[in-house]
Amino acid sequence: MTTDVGTTPRKPLTPTQRLKLFEAHGGKCALCGLQIQAGEKWIDEHLRALGLGGSNDLDNRAPVHVACAKAKTDNEDIPRIAKAKRQKMAALGIRRSTGQKIVSRGFARKQRTPKPSLPPRALFRDT
């Protein structure tokens, strides 16, 4: 049985796992490549987002600066996850509800009256 994309629960790392992750990457941000300084805030970022089929394994995580993680999430992950969800909904035939349709009573029909005929126009006049 396959696991549904986007249903993997997020699991926090223990302090020991965070240290192991930091040392495995040499203390460098996986997104910008700069060294993470002592005392500087950093988070463990999923390189492949959970909403796109990523896992909670340490090989899918890396230390990144907080600002780098926010930029990645806002500019890359969120639009791609939204697109994947739309594609999945379309493949399953799920449509967004547009609300109740408005039904009007309609308009009264007009009775057609024949137009009066006009006299023929003289195209050429000899004067």
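The values are calculated or read from the model by the stated rules, or taken from the named source; none is laboratory data. Everything numeric in this text was worked out from a predicted model, so none of it was measured. Every residue, glycine among them, receives a Cβ derived from its backbone with ideal geometry; neighbour counts consider all protein chains shown.
Odds and ends about this structure:
- In segment 58-71, the residues that are under 13 Å from residue 44 (Cβ atoms) and not aliphatic (A, V, I, L, M): 59, 60, 61, 63, 65, 68
- Filtering segment 39-54 to residues that are in a strand (DSSP E or B) and among the charged types (D, E, K, R) leaves 44, 45.
- Qualifying residues in segment 44-53 (those that are over 15 Å from residue 71 (Cβ atoms) and crowded, with 17+ Cβ neighbours inside 10 Å) - the one nearest to the chain's Cα centre (by Cα): 51
- Residues (modelled with pLDDT of 90 or more and not in a helix (DSSP H, G or I)) located in segment 55-97: 55, 56, 57, 61, 62, 63, 64, 65
- Candidates in segment 6-33 are the residues that are touching a strand residue (DSSP E or B) at 6+ places or on another chain (Cβ under 7 Å) and farther than 18 Å from residue 74 by Cβ; of these, the one that is surrounded by the most Cβ atoms within 10 Å (Cβ to Cβ) is 21.
- Pair list, Cβ < 7 Å and 6+ apart or interchain, from segment 31-43 residues that are within 13 Å of residue 70 (Cα to Cα) to residues that are in a loop (DSSP other than H, G, I, E, B): 42/36
- Scanning segment 60-81 for residues that are of a type outside the set (Gly, Ala, Ser) and either within 19 Å of residue 34 (Cβ to Cβ) or over 14 Å from the mean Cα position of the chain (by Cα) (or both) yields a count of 12.
- With respect to the conditions (1) surrounded by 10 or more Cβ atoms within 10 Å (Cβ to Cβ); (2) in contact (Cβ under 8 Å) with a residue 12 or more places away in the chain, residue 86 falls short on a single one, namely (2).
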